[in-house]
Amino acid sequence: MVNVKEIIDLLGPISKEETGLIEKAYAFAERVHVDQKRNSGEPYFNHVFEAAKILASLGMDAKTVAAGFLHDTIEDNLIKDEELQKEFGKEILFLVKGVTKLEKLEYHGAKRHIESLRKFFIATAEDVRVLIIRLADRLHNVKTLEHVREDKRRRVALETLEIFAPLADRLGMNKLRGELEDYSFPHIYPKEYEETRELLRQKTKASEKYLEKIKRTLQKKMAEAGVKTAKIDYRIKRLYSLYKKLVRKEMNIDKVYDVVALRVIVKSVEDCYKALGIIHSLWRPLPGRIKDYIALPKLNGYQSIHTTIFTGNGEIVEIQIRTEQMQKEAEYGITSHISYKDGKKIMKQLPWINQTLEWQKHVSESGEFMENLKMDFFNDRVFVFTPLGDVIDLPEGSGPIDFAYAIHTDIGGHVSGAKVNNKMVPLDVKLKNGDIVEIITKEGSHPTEKWLNYAKTPLAKKNIRSIVQSKSSKLKSFLQNIGRRPGQN
Ligand code: MN
């Protein structure tokens, strides 16, 4: 039996109002889903309970957890928008609607535009909390995939590996990414899954002894040097990520040095470098394998120092050094960037957001920190679909001609008309997020000067210009030729 107290406990110290909100959302969702069952035969409510629990364990705020309980209530019109808003307010309605909207997006297995589809998800989510609820929802779904029909099971697992796990990765949520991958893995590659599991089992068993020895030596030497260690332990590589690496190493596990890595957690950045020095004085490092992600964090914010050493007994081991805060951020990513200060919630920014996207410079301290998580950094892009479900990513203000050129210059060069969502449209129409666009081509159709006013992308403009210019230069030479009289030169 599920119990709301389990979730309230996970949330830590929260206000009376927040506790009330969680209890209300729990009771509401239980009532709405009372007649529904999952494929496994258990009550449907268990699914939303588990999704809410994942959100609570990620450290999300009470409103997000409440939205987790409610995330499937307006689907299939179980509940009307107005009722949800009346009971829970605008913000929660917004979150639940956002998740419902994302659930409607299906992945059609088109490989070419996966990156655009990921961006489309982010853009459509509008608020990063919507995306995180969707990820929690998906995690519980892949955990229970064995009850699902075979064809659907494969589709969901593949979609998880190709869309959802990379999204979690982008948000720096490594723990969630790893779980999404490892629950999907056996449904897509059952044989490889078993093989990887067996290789990992053998390797872990063989490593235990010498890792324990290294750990003890290191603990002693660090204490002697006066470097406080919070913790030294091992981390075992996750199955799917090991599998991906094995594929690159001809399935030879001895060529993968971080199957079991020693993880040294210290108190400060300074201690990270001290620990590195101690390690290198004890064991010889493998050349070219020292990575300083503290000085140069990964795009998703990941920070740590990695080094690989010869143990002296023929083994090679990777050691990862980081602070406690870095460890937390490495596991929880964007959700760990929520810190509490004087009762106010403040969010730090992820480097990839800073570097690659336009994101608000300042986080307001009004306490409504989640307002600042609005995913408006893609608001200068539109994501549209081909009739086959490929996603094309265009700048805002683009039209059918830009779309046609984005697919192929040959299609762009012969546009005669366009349909958007199955309706004929003029060529100067502006495309909107989620439009399905179909281009009608004719052999005899060619770009005209006018198209330059319709096109937005440099690609389309360049191609149109070159055709129009070559036409006009042909025309010029034609006119020159007919204007020329015999005998004249
Ligand atoms: Mn759901």
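The values are calculated or read from the model by the stated rules, or taken from the named source; none is laboratory data. From a predicted model like this one, the values you see are computed outputs, not experimental measurements. FYI the Cβ positions are ideal-geometry reconstructions off the backbone, even for glycines, and counts take in every protein chain you see. Keep in mind that these areas ignore ligands, DNA and RNA; they rest on the heavy atoms of the full protein, side chains included. Shrake-Rupley method; radii C 1.70, N 1.55, O 1.52, S 1.80 Å.
Details
- Number of residues in the stretch 50-68 that are within 15 Å of E18 (Cα to Cα) and either open to solvent by less than 50 Å² (accessible area, probe 1.4 Å) or polar (S, T, N, Q) (or both) equals 12.
- Checked against (1) modelled with pLDDT of 90 or more; (2) open to solvent by 10 Å² or more (accessible area, probe 1.4 Å); (3) farther than 30 Å from D61 by Cβ; (4) of a type in the set (S, T, N, Q), Q303 passes all but a single condition, namely (3).
- Residue check: E75 meets all listed conditions (1) surrounded by fewer than 24 Cβ atoms within 10 Å (Cβ to Cβ); (2) away from the ligand (no atom under 11 Å from the Cβ); (3) at pLDDT below 95 but one, namely (2).
- Residue in the stretch 68-90 that is within 23 Å of E331 (Cβ to Cβ) and touching a Leu at 6+ places or on another chain (Cβ under 6 Å) present: yes
- The condition (being at negative phi and part of a strand (DSSP E or B)) is satisfied by just one residue among I294, I279, I319: I319.
- For the stretch 453-471, taking the residues that are of a type in the set (G, A, S) and either in contact with a helix residue (DSSP H, G or I) (Cβ under 9 Å, 6 or more places away or on another chain) or open to solvent by less than 60 Å² (accessible area, probe 1.4 Å) (or both), the one that is farthest from G399 (Cα to Cα) is identified as S470.
Here's the yes/no breakdown for (1) closer than 30 Å to L55 by Cβ; (2) open to solvent by 20 Å² or more (accessible area, probe 1.4 Å); (3) within 23 Å of the chain's Cα centre (by Cα):
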site: P186; (1), (2), (3): yes, yes, yes
site: K205; (1), (2), (3): no, yes, no
site: I214; (1), (2), (3): no, no, no
site: T217; (1), (2), (3): no, yes, no
site: D254; (1), (2), (3): no, yes, no
site: S268; (1), (2), (3): no, yes, no
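- Qualifying residue in the stretch 69-85 (condition: basic (K, R) and either touching a Lys or Arg at 6+ places or on another chain (Cβ under 6 Å) or farther than 16 Å from E23 by Cα (or both)): yes
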